[in-house]
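Participant: Before we start, here is the structure in question, set down as structure tokens.
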Amino acid sequence: MRRRCVGLLVALLSGAAVVAGLPAGAAGPSGSAPAADPLPYLPIVNPSPTPKPKPPPPPPPKPKPAPPTAAPADRWALVVGVTNYRGNVKDTRAGAADARLVRDVLLRHGWRSDRIRILTDDQATGRAVADGISWLQKNSSSKTFSFFHYSGHVKQKNGHEFLWPVDNAYIQDTEVSRVLKAVRGTAWTSISGCEAGGFDEGLSSSRHLFTASSHVTEKSYEDTKTGYSVWTGMLFAEGLRDKKADADGDGGVSVNEALQYAGPRAKTYTRNQRPHGPQTPEWRGGNGSLNLAAPRI
């Protein structure tokens with residue numbers, strides 16, 4: 001009777017195991033517990049670092065202030081041109097016409113007529129030209145732009161060049177440079193005549209532009225087609241007045257653009273001249289691009 005009860009108990013326990021849902025064959029031959037299935041691998045994710053705030057963008061650079069320019073009241077010009085000489089001197093064809101052209105270009109760029117002194121033919125005596133150069137110097141200041149243009153004969157003697165006024169009262173290159181170097185502010189000296197490059201006797205500098213129609217060893221020529229000298233016509237009429245020198249297409253022409261335009265053209269145009277050969281315009285000094293409508297000081 002006792003054995004039967006024990007057997008019944010074992011049978012009940014075995015059934016309980018099945019009811020509990022253990023898988024078939026879960027117990028090995030030795031009766032040990034089944035091995036648990038391994039857990040799947042889960043990578044360890046580190047927490048994202050707190051993003052650092054982006055630095056504010058740098059402020060835009062401040063625009064550079066525009067360079068100061070000479071107002072119309074602070075622009076002074078002496079313009080000289082001689083065609084009809086006194087005495088036994090061969091006349092030029094373009095001296096006076098050059099002077100009138102230059103004056104017209106200045107007026108077109110906003111210069112005041114009462115700040116432009118023009119001397120042509122009988123007006124352009126040696127005394128009047130010398131007084132005019134001194135007038136430029138006396139009216140100059142740190143706020144002014146001064147301009148001197150000469151078209152006419154040039155005399156060369158003893159290693160010097162001389163302006164040749166209507167009355168043959170020559171003015172030596174060193175005297176011209178001495179007075180013009182004393183001009184304050186900024187300036188432009190423009191010489192259109194034979195051997196014109198010789199007038200730069202220490203005159204050109206960062207504040208003084210010097211331009212010449214030809215090298216000191218060369219002649220300068222006149223153009224019967226235009227009535228102007230070759231250099232002055234190409235620089236002032238074609239380049240500045242007619243705006244043929246507008247290289248960047250902005251509708252305006254700087255003096256520097258006009259120089260780059262007229263220089264090679266003048267040399268090419270006169271290449272077949274005999275016996276003296278072509279003229280080679282020159283320019284030196286200046287403080288960058290020169291705009292006659294707003295010249296830097």
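Read the figures in this text as sums done on the coordinates, not as results from a lab. Computed from a prediction, not measured in an experiment: that's the story for all the values here. Neighbour counts run over all protein chains shown; Cβ positions are idealised from the backbone, glycine included.
Participant: Between the range 72-123 and the range 198-252, what is the C-alpha centre distance in whole Å?
Facilitator: Centre-to-centre distance over Cα atoms comes out at 15 Å.
Participant: Ranked highest first by the average count of other Cβ atoms within 10 Å around their residues, in what order do 72-81, 168-177 fall?
Facilitator: Numbers: 72-81: 21.8, 168-177: 17.8.
Put in order of decreasing packing, that is 72-81, 168-177.
Participant: Grab the range 108-238 and count how many Lys pairs have their alpha-carbon atoms under 22 Å apart, sequence gap of 8 or more, or different chains. Mind dumping the intermediate values first?
Facilitator: Details: 138/181; 143/181; 155/181; 155/219; 157/219.
So the count works out to 5.
Participant: So what's the projected area for the range 84-201, the Cα convex hull averaged over all directions, in nm²? Present the calculation step by step, with values, prior to reporting the outcome.
Facilitator: On the way: hull surface 28.7 nm².
Mean shadow area of the hull around the Cα atoms is 7.2 nm².
Participant: Okay, next question. For the range 157-200, compute Rh as the Kirkwood radius over C-alpha pairs and then the Stokes-Einstein diffusion coefficient at 20 °C and 1.002 mPa s; write the answer in µm²/s, rounded to an integer.
Facilitator: D, rounded to a whole number, is 188 µm²/s.
Participant: Across 10 Å bins from 0, what is the distribution of all Cα-Cα pair distances for the range 59-133, in whole percents?
Facilitator: Per 10 Å bin, starting at zero, the Cα-Cα P(r) for the range 59-133 comes out as 17, 37, 23, 11, 7, 4, 1, 0 percent.
Participant: Simple spin-label model, 7 Å along Cα-to-Cβ: residue 93 to residue 273 in nm?
Facilitator: Using points 7 Å along Cα→Cβ, the separation is 1.2 nm.
Participant: On full extension of the chain, what length is gained from residue 134 through residue 250, given 0.36 nm per residue of separation minus the C-alpha to C-alpha distance? Could you put the intermediate results ahead of the total?
Facilitator: On the way: separation 116, 0.36 × 116 = 41.76 nm, distance 3.70 nm.
Taking 0.36 nm per residue and subtracting the Cα distance, the gain is 38.1 nm.
Participant: If you count, for each residue, the other Cβ atoms within 10 Å and average over each peptide, how do 51-63, 244-256, 199-211 line up from highest to lowest?
Facilitator: Details: 51-63: 6.0, 244-256: 15.3, 199-211: 20.0.
Highest mean packing first, the order is 199-211, 244-256, 51-63.
Participant: Over the Cα atoms, compute the radius of gyration (one decimal) and Dmax (the largest Cα-Cα distance, rounded to a whole number) for the range 174-269, in Å.
Facilitator: Rg then Dmax for the range 174-269, in Å: 14.1, 41.
Participant: With both partners inside the range 96-248, how many of the DSSP beta bridges are antiparallel, as a percent to the nearest 5?
Facilitator: On the way: 8 of 20 bridges.
Bridges in the range 96-248 that DSSP calls antiparallel: roughly 40 percent.
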